[in-house]
Ligand code: GDP
Ligand code: IMO
Ligand code: MG
């Protein structure tokens, strides 16, 4: 059985958590392949809203096994909080959640280093979630990191100490005022590790290989979005992992020829949280309406998300980079009520019309060129089948399918599991 992927095509928060939860009924295993607690994946069903950061979004389904892959970075403190929040739902976590021994650990000092680095950048800051993601991946590629498997060795505390000492020296190197009580942070960290060690650690690449061989259906769950990819995103305003399809190969140990469907998910408009260029960003009433109706606040940091029209130039780029085979359009309900919808179909780039994403999409180089389409007024949130969708929304969908050359298989019309229309 091939491994299917589901990943975000914009700047994150497309609705991956909701859709993974919806799709889990078709899969035996859900596996996260990159990112860490910078992610906030929201699921809603039975009137309850859940936000997951590191735990895969298949966790609420009885039959599915959830794996945190080697490409993920894990903060034991946040992981413990996630586990605590799940306790009242009586899920058999020990049987349903396995962690790769090769996943890297986020130390308290990684978080401090993130804060120091951002503070030192002033106005040029990335707008990081400050979860220690960048410093942890730096230690991974710098070959200094600590991994989950290290916790099974007797000398892991010495390893920890030597890395934390190095980090403290690095923090003092930044000329910024960061207040912290490391002893307090470490107490939390060590307590959380005790709980983490009660879970099952596995060699996940081998486990997934055997699962695949025995016919198990596997869905790899991405975090962040393609425009935040360390190689292909709007660098340096990106995260520190490969959020694109290739990240699933390195983040799970799945060979490229074992990848099946690539499910790409996007909002019917665009949002971004944190700094960095955003050509179709709106600073007017239309943007405010999207933010208000779409309740656009970060699931991890609570920061307001910047909003704008759909950017088809960027979306096409993401479809190509990922080899997307199926699309899912989220939050169509949020656009109900607009007389006219705009879609950016090209950029004016330094005076020239272009239809691809250039090296630099800063506002001084790029002005979006829009096509306009008629909007719809109907409340979509109670619709349950494609034949109920308004003709103008169908025209919007068909326009996108024609431009992107990939079918839109799901249209999402609300945050709940049930507000999902399959086509
Ligand atoms: P993720 O990071 O990709 O999992 O997305 P987030 O959970 O960070 O953000 C998506 C937000 O939109 C969450 O609050 C979801 O509950 C919500 N959401 C998902 N799909 C829809 C939809 O179709 N309509 C509306 N109105 N909200 C949605
Ligand atoms: P999910 O999985 C949206 C953004 C941050 C910042 C940049 C770098 O919920 O879609 P980092 O903490 O990685 O150093 O931040 O990336 N960012 C996200 N934006 N959704 C996310 O995850 C994000 N994870 C990181 O806001 O701009
Ligand atoms: Mg999110």
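Over the chain, what is the relative contact order in percent, taking alpha-carbon pairs closer than 8 angstrom and at least six residues apart? It would help to have the intermediate numbers written out before the result.
Details: 927 pairs, mean separation 87.2, N = 423.
Computed over the chain, the figure is 21 percent.
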- Message: To test your reading of the geometry: what angle, between 0 and 90 degrees and rounded to tens, separates the Cα axis of helix 391-404 from the longest principal axis of the chain?
- Response: 60 degrees
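Compute the relative contact order of the stretch 194-277 as a whole-number percentage, counting only Cα pairs closer than 8 Å that sit 6 or more residues apart in sequence. Let's see the in-between values first.
Numbers: 56 pairs, mean separation 19.2, N = 84.
Relative contact order, the stretch 194-277: 23 percent.
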- Task: Please find, in a Gaussian network model of the chain (springs between Cα atoms separated by less than 10 Å), the residue of 46, 188, 286 whose mean-square fluctuation is greatest.
- Result: 46
- Item | Point-to-point label distance, residue 213-residue 363, nm (Cα→Cβ direction, 7 Å offset) | 5.6 nm
- Task: Using only the Cα atoms of the stretch 249-384, each taken as one equal point scatterer with no solvent, compute I(q) by the Debye sum, divide by I(0), and report log10 of the ratio at q = 0.11, 0.12 Å⁻¹.
- Result: -0.48, -0.57
- Output the peptides 154-160, 60-66 sorted from most to least packed, where packing is the average of other Cβ atoms within 10 Å over each peptide's residues. 60-66, 154-160
- Message: To make sure I understand, if each residue's beta carbon is the centre and we count other beta carbons within 10 Å, what order do 161, 423, 305 fall in, fewest to most?
- Response: 161, 423, 305
- Query: Using the Kirkwood radius built from alpha carbon pairs, what does the Stokes-Einstein equation give as D for the chain at 37 °C and 0.692 mPa s, in µm² per second?
  - Reply: 149 µm²/s
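What is the packing order of peptides 361-368, 168-175, 22-29, taking the mean over residues of other C-beta atoms within 10 Å and listing the highest first?
Working: 361-368: 15.4, 168-175: 12.9, 22-29: 18.5.
In decreasing order of mean packing, 361-368, 168-175, 22-29 become 22-29, 361-368, 168-175.
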- Message: Distances longer than 16 Å among the Cα atoms of the stretch 128-220: what percent of all pairs is that?
- Response: 70 percent
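Using packing as a proxy for protection, rank 401-408, 290-297 so that the peptide with the highest average count of other Cβ atoms within 10 Å comes first. The partial results should precede the final answer.
Working: 401-408: 14.6, 290-297: 17.1.
So the order, starting with the most tightly packed, is 290-297, 401-408.
From the Cα gyration tensor of the stretch 20-64, with a ≥ b ≥ c the square roots of its eigenvalues, which class applies: rounded if a/c is under 1.5, or else prolate if a/b is larger than b/c, or else oblate? Don't skip to the end; give the middle numbers.
Numbers: a/c = 2.46, a/b = 1.12, b/c = 2.20.
Taking the square roots of the gyration eigenvalues as a ≥ b ≥ c, the stretch 20-64 is oblate.
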- Residue order, fewest to most surrounding Cβ atoms within 10 angstrom, among 191, 229, 139: 191, 139, 229
- For a footprinting-style exposure proxy, rank 6, 389 by other Cβ within 10 Å, fewest first. 389, 6
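Any read-out appearing in this document is the output of simple, stated calculations on the displayed coordinates, not a laboratory observation. The structure displayed is predicted, hence computed values, not measured ones. Every residue, glycine as well, gets a Cβ built from its backbone with ideal geometry; the counts of neighbours run over all protein chains shown.
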